[in-house]
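Every read-out reported here was derived from the displayed coordinates using simple, explicitly stated rules and does not represent laboratory data. As the structure is a prediction and not an experimental result, all values here were calculated from the model. Reconstructed Cβ throughout: ideal geometry from the backbone, glycine too, with neighbour counts over all protein chains shown.
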Amino acid sequence: MNIEHAAIHALLGEAYICCRKSGSGPLRVSSKTFTVVEPKRRLGCTTLADFILGMTPYEFLTAIELTPTDDGVHVAMTVDAMHDQEWTDRLVAGRRNELANLAALVG
């Protein structure tokens with residue numbers, strides 16, 4: 001993915017991530033609230049799902065656990081179910097892609 005513009009503005013407990021893929025319309029802003037920050041152990045954040053047509057905005061949780069192993073670090077990511085199975089499957093596919101990208105980067 002080619003990112004034309006990306007910025008993270010972090011406030012106490014909150015981060016606003018703005019990005020736009022090259023040639024792909026308006027800037028997308030994602031609002032997250034960090035609920036757990038334990039350096040080198042755990043990270044949790046809620047994301048505002050305010051981008052689904054016809055759906056009242058709601059928050060869902062993503063939690064990341066880091067566990068040292070003999071040959072590196074095991075990363076486990078857990079996500080809340082979204083409002084229906086299709087959107088939950090989309091979220092899981094996106095998170096799997098993020099983990100695969102991370103593995104490719106550090107592996």
Quiz item: Sorted by mean Cβ packing within 10 Å, highest first, what order do the peptides 41-53, 64-76, 81-93 take?
Solution: 41-53, 81-93, 64-76
Practice problem: Would you kindly derive the ³J(HN,Hα) couplings of the range 41-47 from the backbone phi angles with the Karplus curve 6.51 cos²θ - 1.76 cosθ + 1.60 (θ = phi - 60°), listing them in order in whole Hz, with x for Gly and Pro? | Solution: 9, 8, 9, x, 8, 9, 10
Quiz item: Contour minus end-to-end for residue 79 and residue 58, with contour as 0.36 nm per residue of separation and end-to-end as the Cα-Cα distance?
Solution: 6.2 nm
Quiz item: Quick one: Karplus J couplings for the range 75-83, per residue in order, coefficients 6.51, -1.76, 1.60, θ = phi - 60°, nearest Hz, x for Gly and Pro?
Solution: 10, 10, 10, 10, 10, 5, 5, 8, 5
